[in-house]
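Novice: Got a structure for you, questions after.
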Amino acid sequence: METRWVTVDGVRVELPADCTAGQLRDALYKPSNSTVVAVTGDLVSVVHDDDKQFSEMVAGCAETYYFTHIDEPHRNAILETPEIEQAIAEPVGDETTFQRPEIDH
């Protein structure tokens with residue numbers, strides 16, 4: 001099975017290529033109401049489909065993943081962007097992807 005190294009909530013882990021958000025959440029004992037936020041280069045992706053493989057989404061290209069939920073205090077600049085709160089409150093499709101706000105385009 002093909003794997004790659006990523007950072008999840010500040011910890012380096014080996015991620016199987018066919019992993020889903022639900023599988024990652026279960027493996028790391030994250031709360032069931034948490035949402036996966038994936039960061040790759042200048043993109044941020046909020047994952048809505050727990051059963052779709054990361055490799056089939058923009059989230060599959062991420063180097064960094066965070067678990068968050070709408071009631072959680074913000075831990076960093078990425079997680080405090082209003083687009084994340086909006087994507088969690090009003091999910092559309094498998095994932096919501098937008099440009100990282102702190103990067104000049």
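The values are calculated or read from the model by the stated rules, or taken from the named source; none is laboratory data. Just so it is clear, the model here is predicted, and its values are computed rather than measured. When we count neighbours, we look across all protein chains shown, and the Cβ atoms used for this are built from the backbone with ideal geometry, even at glycine. Only protein heavy atoms, including side chains, enter the accessible area calculation; ligands, DNA and RNA are left aside. Shrake-Rupley method; radii C 1.70, N 1.55, O 1.52, S 1.80 Å.
Novice: Here's a check for you: in segment 67-91, which residue that is closer than 16 Å to Ala21 by Cα and part of a loop (DSSP other than H, G, I, E, B) is least open to solvent (accessible area, probe 1.4 Å)?
Specialist: His69
Novice: For segment 41-66, name all the residues that are surrounded by fewer than 18 Cβ atoms within 10 Å (Cβ to Cβ), assigned to a strand (DSSP E or B) and touching an Asp or Glu at 6+ places or on another chain (Cβ under 7 Å).
Specialist: Residue satisfying the conditions is Gln53 alone.
Novice: Scan (1) over 11 Å from the mean Cα position of the chain (by Cα); (2) assigned to a strand (DSSP E or B); (3) of a type in the set (Ser, Thr, Tyr) for the single condition Tyr29 breaks and write down its number.
Specialist: Tyr29 satisfies all of (1) over 11 Å from the mean Cα position of the chain (by Cα); (2) assigned to a strand (DSSP E or B); (3) of a type in the set (Ser, Thr, Tyr) except (2).
Novice: Among the candidates Val39, Val47, which residue alone is in contact (Cβ under 8 Å) with a residue 60 or more places away in the chain and aliphatic (A, V, I, L, M)?
Specialist: Val39
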